[in-house]
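S.K.: Attaching a single structure in structure tokens format; questions to follow.
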Amino acid sequence: MRVLVTGGAGFIGQHLARRLHAGGHDVLALDSLLPQVHADAGAARAAFPGPVVVGDVADPAAWAALPEGTVDAVVHLAAETGTGQSMYEVERYHRVNVEGTRLAARWAREHGAALVSLSSRAVYGEGGYTCPEHGSTFGPRCCRHGQPVASTEDDPHRPVSVYGETKSLAEQAAADEGEGVVPLTVIRPQNVVGPGQALHNPYTGVLAAFLAMLREGRPLTVYGDGHQTRDVVHVEDLVALVAWALDRPPAPGEARVVNCGSGVRTTLVGLAEAAAAGAPVPSPGVTHLDVHRAGDIEHACADLTRLRSLGAPPPRWSAADAVADFVRRSWQQPGADAAAWDDALDELARRGLTS
Ligand code: UD1
């Protein structure tokens, strides 16, 4: 099989490409090698086990520049992923995430390829709650008695960030462009973690921030009281799911959506502890910052019923092990100072996007 991986130079793409290559498949990448993500573009390119075409997925010319030859499937990973940053880089997020996905699906249709497109659990926004007083509702949380429930693929799309909105529109764009022809698998990952994650990019999420703080012996900054929850999934579990989707595509024109997560929620404080457990230095503890970023949600967790009923590979990593593995294997990798995350938060504050 020959597989085109958009965003292939990123950490998910690299893990996937290594796995496919080891399984005897050919891979090629389309990647813009953005400096925000790739501090060392040459190294990212060299690490990918196939040709890397440099181009922007939202630019039709980039697709037109791809080499000739049959491609059996497109795995569309390329995206802008910073929740906070999306709140002010609105146009860029729409262009890359929505138009990029539309072009990926169009290209798959024109080339008779299957499409596996990565969306995000961000499409659910706050997700569902259950409460003795208010019953079952979708967020924001009805009252302090509301308990979060895991999101199923049939839950409504109620994104609260521009990022989530673009991921929801991207799903629709893929379905519209591919309709009737392209076998389409949409995967909605929770918070993905693993070695190789961009450590220079202060928009890559809380775990890269925790790693930077641990390395400096600085207490881990938790926004708010830390009761918020996330479902952290190891990149290898996501990659196993993508490989499964490639092996067993749906029928032509059929579309399926599947969640990807560990299926277990962990509090932010719990994630901070898991990160510290993977570090070769004593834990510096956590410090709480009384701040809320626009676009942040309170709780997230994947319901894996559909994944299991499809016979897709279930997650093998617990969130705690995944986080510790990330910290352990990234410890020696170069990355930004923790101050970069302070600056990213200041930037949001300057733009009135914190409260
Ligand atoms: C993340 C991903 C997004 C993915 C989504 C799926 C990033 C930037 N975003 O969004 O691409 O689709 O998961 O679930 O990776 N926080 C701190 N301290 C910090 C930084 C953040 O406490 O130093 C808090 C945030 O306020 C938030 C939580 O940690 O409550 C998680 O934030 P973050 O990792 O930035 O992004 P998600 O919204 O979970």
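The values are calculated or read from the model by the stated rules, or taken from the named source; none is laboratory data. From a predicted model like this one, the values you see are computed outputs, not experimental measurements. When we count neighbours, we look across all protein chains shown, and the Cβ atoms used for this are built from the backbone with ideal geometry, even at glycine. Accessible surface areas use protein heavy atoms only, side chains included; no ligands, DNA or RNA. Shrake-Rupley method; radii C 1.70, N 1.55, O 1.52, S 1.80 Å.
S.K.: Please state which of the following conditions PRO315 fails to meet, knowing it meets all the rest: (1) within 12 Å of the ligand (Cβ to nearest atom); (2) modelled with pLDDT of 95 or more; (3) open to solvent by less than 60 Å² (accessible area, probe 1.4 Å).
M.R.: With respect to (1) within 12 Å of the ligand (Cβ to nearest atom); (2) modelled with pLDDT of 95 or more; (3) open to solvent by less than 60 Å² (accessible area, probe 1.4 Å), PRO315 is out only on (1).
S.K.: Which pairs have Cβ atoms under 6 Å, sit 6 or more apart or on different chains, and link a residue in region 262-282 that is in contact (Cβ under 8 Å) with a residue 60 or more places away in the chain to one that is surrounded by 17 or more Cβ atoms within 10 Å (Cβ to Cβ) and hydroxyl-bearing (Ser, Thr, Tyr)?
M.R.: Listed by first residue and then by second, the contacts come to ARG265/THR229.
S.K.: Here's a check for you: in region 293-307, which residue that is open to solvent by less than 10 Å² (accessible area, probe 1.4 Å) and of a type in the set (Gly, Ala, Ser) is nearest to GLN228 (Cα to Cα)?
M.R.: Only one residue fits best here, namely ALA300.
S.K.: Look at region 151-161 and say how many of its residues are under 13 Å from PHE138 (Cβ atoms), part of a loop (DSSP other than H, G, I, E, B) and open to solvent by less than 60 Å² (accessible area, probe 1.4 Å).
M.R.: Residues meeting the conditions: 4.
S.K.: Scanning region 132-150 for residues that are modelled with pLDDT under 95 and closer than 17 Å to ARG230 by Cα, which turns out most open to solvent (accessible area, probe 1.4 Å)?
M.R.: By that ranking, first place goes to PRO140.
S.K.: Do you know which residues across region 222-252 are more than 12 Å from the ligand (Cβ to nearest atom) and aromatic (Phe, Trp, Tyr)?
M.R.: Residue satisfying the conditions is TRP244 alone.
S.K.: Against the condition more than 15 Å from LEU246 (Cα to Cα) and assigned to a helix (DSSP H, G or I), how does GLN14 come out, does it pass?
M.R.: Against the criterion (more than 15 Å from LEU246 (Cα to Cα) and assigned to a helix (DSSP H, G or I)), GLN14 qualifies.
S.K.: Could you check region 260-307 and list, in sequence order, the residues that are away from the ligand (no atom under 14 Å from the Cβ), in contact with a helix residue (DSSP H, G or I) (Cβ under 8 Å, 6 or more places away or on another chain) and of a type in the set (S, T, N, Q)?
M.R.: SER283
S.K.: Also, I was wondering about something else. Residue under question is GLY164, and the condition is that it be touching a Pro at 6+ places or on another chain (Cβ under 6 Å) and open to solvent by less than 20 Å² (accessible area, probe 1.4 Å); does it hold?
M.R.: No, not satisfied.
S.K.: Can you find a residue that is touching a residue at least 60 places away in the same chain (Cβ under 8 Å), within 17 Å of VAL257 (Cα to Cα) and either open to solvent by 40 Å² or more (accessible area, probe 1.4 Å) or over 22 Å from the mean Cα position of the chain (by Cα) (or both) anywhere in region 100-118?
M.R.: Yes, that holds for at least one residue.
S.K.: Moving to a separate point now. Name the one entry in PRO202, PRO189, PRO219, PRO195 that is of a type outside the set (A, V, I, L, M, F, W, C), touching a helix residue (DSSP H, G or I) at 6+ places or on another chain (Cβ under 9 Å), touching a residue at least 24 places away in the same chain (Cβ under 8 Å) and near the ligand (Cβ under 8 Å from one of its atoms).
M.R.: PRO189
S.K.: I would also like to ask the following. Just to be sure I understand, how many residues within region 167-186 are open to solvent by less than 20 Å² (accessible area, probe 1.4 Å) and within 14 Å of the ligand (Cβ to nearest atom)?
M.R.: 3
S.K.: Also: Which one of these is out of contact with any helix residue (DSSP H, G or I) (no Cβ under 7 Å at 6 or more places or on another chain) and not charged (D, E, K, R): GLY50, GLY84, GLY10, GLY55?
M.R.: Only one candidate passes the filter, namely GLY10.
S.K.: Please identify the pairs in which a residue from region 54-72 that is open to solvent by 50 Å² or more (accessible area, probe 1.4 Å) and of a type in the set (A, V, I, L, M) has its Cβ atom under 7 Å from the Cβ atom of a residue that is modelled with pLDDT of 95 or more and in a loop (DSSP other than H, G, I, E, B), counting only partners at least 6 apart or on another chain.
M.R.: Note: pairs meeting the criteria are VAL54/SER32; VAL54/LEU33; ALA65/GLY55.
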